[in-house]
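The values are calculated or read from the model by the stated rules, or taken from the named source; none is laboratory data. None of these values were measured; they are calculated from a predicted model. FYI the Cβ positions are ideal-geometry reconstructions off the backbone, even for glycines, and counts take in every protein chain you see. With ligands, DNA and RNA removed, areas are computed over all heavy atoms of the protein, side chains included. Shrake-Rupley method; radii C 1.70, N 1.55, O 1.52, S 1.80 Å.
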Amino acid sequence: MSTAQPAKPEDSYVANLEHQLERMRRRMEAIQEIGTALGSTLNLDRLLRLIMSKITDLMAAERSTLYLLDEDRRELWAKVAQGAEDREIRIPVGEGLAGWVAKTGQSINIKDAYQDPRFSNTVDEQTGFRTYSITCQPIRNHRRKIIGVVQVLNKRDGYFTVEDEQLLAALAAQAAVSIENSKLYLKVVGKNIELLDTQEQLKDRISEMDLLFRLEQQMNQTIGLDTFLSSVLDETTSAIPAAGGAILTRHESGWRLLAKSPDYAPVFRSLPLEHQGVTRRIADYDSVFLCNALCEEELADEALSDALGVTLNNAIGLPLQIDGRRLGALILVNRRDNRSSGFTDEDLKLLTVIGGRAEVAIMLANQRQEVTKRTRLAAIGQALSGVLHDLKTPMTIVGGYAQLMVDEEDSQTREEYSKSITNQLGALKGMTGEILSFARGESTLLIRKVFIHQLMKEVQEALTQEFKGRTTLTLELNYRDAIRLDSGKIKRVMFNLARNAHQAMPEGGEFLIRTAESDDGQFVDFWFSDNGPGIPESIRHNLFESFVTSGKESGTGLGLAIVKKIVEQHNGSVDFTTRTEDGTTIHIRLPKAMRT
Ligand SMILES: Nc1ncnc2c1ncn2[C@@H]1O[C@H](COP(=O)(O)OP(=O)(O)OP(=O)(O)O)[C@@H](O)[C@H]1O
Ligand SMILES: [Mg+2]
C-alpha cells in the first residue's frame with residue numbers, strides 16, 4: 001500500500017512560479033507577435049483583429065472590442081463579428097462604460113457591469129451577449145489625445161486584476177501606434193493618388209491647350225482651307241491615335257471628302273449630293289457619334305474606307321455646324337491603342353474641341369469664297385458686256401455684207417461676200433461658244449461606242465498643235481478598248497485639263513495621260529498628270545466650282561467646272577492630288593457601261 005506524500009511547500013511555490021513564468025512567456029510572445037505584425041502589415045482591420053484576439057486570449061476573457069473615436073460625430077464606433085458578418089456598433093461619447101472612458105480618459109475595472117449606473121445594456125441587447133466583468137482603457141496617440149477605447153469583457157475565472165489592467169494599457173499603446181500609422185499611410189497614399197490624378201489631368205489639359213494654340217496659329221496664317229483641315233486631321237490623329245480621319249464638307253453641287261492617314265498625303269473626293277455613308281449621316285446628325293462594336297452596318301462608307309485604304313472597325317465623329325447651318329462632319333476611324341478597344345468619351349470631348357476650330361475655319365473660308373464669287377460674278381458680267389460689245393463689230397459686218405449681197409448680181413462677188421459672212425459667223429461662234437455652252441448646261445449627251453485608242457489619237461493630234469512643243473505629251477494607254485461615251489464632251493474634258501496644265505507650265509513641262517481598267521472591270525480610269533507648280537492652295541478646297549480661278553489674267557474659272565459637269569453626266573467621278581512645286585494629277589473614272 002502506498003501512502004501519498006504530502007506536498008512540500010517548496011513544490012507548490014515552484015509550480016506557482018512556473019505558472020507565472022509561463023504566463024509571462026505567453027505575454028511576451030503575444031506582444032512580440034503584435035510588434036512584428038505592426039511592422040509588416042498596414043491593413044488596419046486585420047491588424048486590429050489580431051491585436052484584439054491576442055488581448056482576449058492573454059487576459060483569459062470572453063470578448064474584447066476596440067472602439068475608434070469618430071471626432072466629427074462624437075461617437076465611438078467598432079466592427080464586431082456577428083455570425084459570418086461584421087456589424088458596426090456606434091455609441092455616443094459619454095454613454096455607457098466605453099463612452100464614459102472616452103469622455104473622461106480614465107480606465108475602469110468593474111466586477112459586475114449591471115450594478116454600475118454608467119453601464120448601458122444597449123450593445124448587449126443588440127448583440128445578444130451578456131456582460132459581467134469588464135475592464136476598459138482609453139487609447140491615446142503620441143500627443144496623449146484619445147483616439148479610441150479598448151474594452152475586455154467577462155474574465156473566465158473571476159475578475160480582472162491590476163496586472164490585467166497594466167497589460168491592457170501596454171496593448172492599448174500598441175494599438176494606438178498601429179491606428180496612427182495606418183491613418184497616416186492612408187492619408188499619404190490618398191494624397192499621392194490625388195496628386196498623380198491632378199498631374200495627369202494637367203498634362204492632358206496642357207497638351208489640349210497646346211494643340212488648340214497650334215491650330216489657332218495656323219488658322220491665322222494665310223494658308224488654304226484644305227491645308228488647314230489636313231493639319232487639323234494630322235493633329236487630331238496624333239492626339240487621339242487613329243488609323244485616319246476625314247472631314248466632309250457641303251458644297252454647291254455635292255459633298256467633298258478630305259481624308260487623311262498619318263504620314264500620307266491627303267486624298268480629296270468629290271461626292272454627289274445623294275452620297276450615302278457614315279460621314280454623310282453624321283453631317284445630318286444633331287449629336288456626336290461613337291461606335292466601338294456591333295455597329296458595322298452603321299459604319300458603312302465606301303468612299304471613306306476607299307480613301308483611307310482601311311476597313312472601318314470603330315469610329316467617332318461629330319457634325320460640323322455653326323448657328324444651325326450644317327457645314328459637314330468630322331470623323332476619326334480605327335482607334336490605335338493597345339490598352340483600349342476603341343474610342344472613349346474623353347476622345348469625343350477632345351474631338352469636339354477640335355471640331356470647333358474646324359467649324360470656324362470652314363465658315364470663314366465660305367464667307368471669303370462668297371465675297372470672291374460675288375466679285376467674280378461682277379467681273380464676268382463686265383466681261384460679258386464686253387463680249388456683247390465686241391459682237392457688234394462682226395454683226396455689223398455680217399449685216400453689211402448681207403445687204404450688199406441682196407444688190408449684187410455677180411455670182412462670184414456674192415460668193416466672196418458669203419465667205420466673209422461665214423468667217424465672221426465663225427468668229428462669233430468662237431467668241432460665244434464657251435460661255436454659252438456653259439450657261440446652257442449642255443445637258444444632252446450623244447452616247448456612242450468609242451474606241452479609247454481612236455479617241456486618244458484625235459486628242460493627241462489636237463494637243464500636239466496646242467502644246468507647240470513647249471509641253472511634252474505622253475500617252476500610256478493600258479486600256480484601249482471600246483467604252484460608251486459622248487466623245488465630243490469627253491474630248492472637251494481632256495482639252496480643258498491639258499490647257500490648264502500647259503498654262504501652268506509656261507517654261508515647259510510634261511503632260512502624261514494614262515488609262516487603265518479598274519480592278520473590278522466596271523470602270524476605266526484616266527489620269528492626267530503634269531509636273532507643274534501644283535494647284536494654288538487657296539483654291540484647292542473648291543477647285544471644281546464655277547468662277548474659281550487663280551493666277552491667270554484671262555481665266556474665267558469655268559474649265560474645271562465644265563469638266564466636273566461632263567464627268568458627272570457620264571455617271572463618273574473626278575478627284576485630284578496635287579503637291580506644291582511637284583505637279584498635279586487629275587483622276588477621272590468613267591463607267592464602261594454608260595447607258596443613254
Ligand atoms: N494642272 C494645273 N496646275 C496648276 N494649277 C492648275 C491646274 N489646273 C488648274 N489649275 C488652277 O485651277 C484654276 C481653275 O482652273 P479652271 O480651268 O477651272 O479655270 P481657269 O483655267 O482659270 O479658267 P478657264 O479654264 O475658264 O479659262 C486655274 O486658274 C489654275 O490656277
Ligand atoms: Mg482652265
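For the reader, a short list of remarks on this structure follows.
- Cβ separations smaller than 6 Å between residues 6+ apart or across chains give the following pairs from segment 563-578 residues that are at pLDDT below 90 to residues that are not in a strand (DSSP E or B): Ile566/Lys489; Ile566/Val493; Gln569/Leu445.
- Within segment 561-574, being open to solvent by less than 20 Å² (accessible area, probe 1.4 Å) and in contact with a Phe, Trp or Tyr (Cβ under 9 Å, 6 or more places away or on another chain) holds for Ala561, Ile562, Val563, Gly572, Val574.
- Positions within segment 481-507 being away from ligand 2 (no atom under 16 Å from the Cβ), modelled with pLDDT of 90 or more and open to solvent by 30 Å² or more (accessible area, probe 1.4 Å), in sequence order: Asp481, Arg484, Glu507
- Tally of residues being within 16 Å of ligand 2 (Cβ to nearest atom) and in a strand (DSSP E or B) across segment 564-584: 4
- Failed item in (1) aliphatic (A, V, I, L, M); (2) more than 17 Å from Lys491 (Cβ to Cβ); (3) touching a His at 6+ places or on another chain (Cβ under 6 Å), with Ile539 passing the rest: (3)
- Unique match (being open to solvent by less than 30 Å² (accessible area, probe 1.4 Å), under 23 Å from Asp45 (Cβ atoms) and not charged (D, E, K, R)) among Gly105, Gly96, Gly148: Gly148
- Selection from segment 238-257 of residues that are open to solvent by 10 Å² or more (accessible area, probe 1.4 Å) and more than 18 Å from Arg357 (Cα to Cα): Pro241, Ala243, His251, Glu252, Ser253, Trp255, Arg256
- Qualifying positions in segment 520-542 - near ligand 1 (Cβ under 8 Å from one of its atoms) and out of contact with any strand residue (DSSP E or B) (no Cβ under 7 Å at 6 or more places or on another chain): Pro533, Pro536, Ile539
- Ala561 within 14 Å of ligand 2 (Cβ to nearest atom), touching a Ser or Thr at 6+ places or on another chain (Cβ under 6 Å) and assigned to a helix (DSSP H, G or I): yes
- Of all residues assigned to segment 493-514, at least one qualifies as being within 18 Å of Ser573 (Cα to Cα) and in a strand (DSSP E or B).
- Of the criteria (1) open to solvent by 80 Å² or more (accessible area, probe 1.4 Å); (2) modelled with pLDDT of 75 or more; (3) assigned by TED's automatic domain parsing to the domain that holds Asn121, which one Ala84 fails: (2)
- Evaluated against (1) touching a Gly at 6+ places or on another chain (Cβ under 9 Å); (2) open to solvent by less than 80 Å² (accessible area, probe 1.4 Å), Leu446 falls short on exactly one condition, (2).
- Summed over segment 115-143, residues that are in a helix (DSSP H, G or I) and touching a helix residue (DSSP H, G or I) at 6+ places or on another chain (Cβ under 9 Å) total 3.
- For segment 266-314, a residue qualifies if it is among the small types (Gly, Ala, Ser), farther than 23 Å from His251 by Cβ and within 18 Å of the chain's Cα centre (by Cα), and the qualifying residues are Ser287, Ala293.
- Test: residue in segment 121-131 that is open to solvent by 80 Å² or more (accessible area, probe 1.4 Å), in contact (Cβ under 8 Å) with a residue 24 or more places away in the chain and within 19 Å of Leu44 (Cα to Cα): no
- Leu590 vs. criteria within 30 Å of Arg484 (Cβ to Cβ) and open to solvent by less than 10 Å² (accessible area, probe 1.4 Å): yes
- Residue tally, condition away from ligand 2 (no atom under 14 Å from the Cβ) and either at negative phi or not assigned by TED's automatic domain parsing to the domain that holds His587 (or both), over segment 510-553: 24
- Boolean, Thr549 is open to solvent by 20 Å² or more (accessible area, probe 1.4 Å) and either closer than 17 Å to Glu476 by Cβ or within 12 Å of ligand 1 (Cβ to nearest atom) (or both): yes
- Within segment 490-511, the residues that satisfy the criterion of being closer than 16 Å to Arg589 by Cα and within 12 Å of ligand 1 (Cβ to nearest atom) are Arg492, Val493, Leu497.
- Condition check for Arg214: farther than 26 Å from Ile588 by Cβ and not assigned by TED's automatic domain parsing to the domain that holds His541: yes
- From Thr236, Thr249, Thr227, residue being under 17 Å from Leu320 (Cα atoms) and part of a helix (DSSP H, G or I): Thr236
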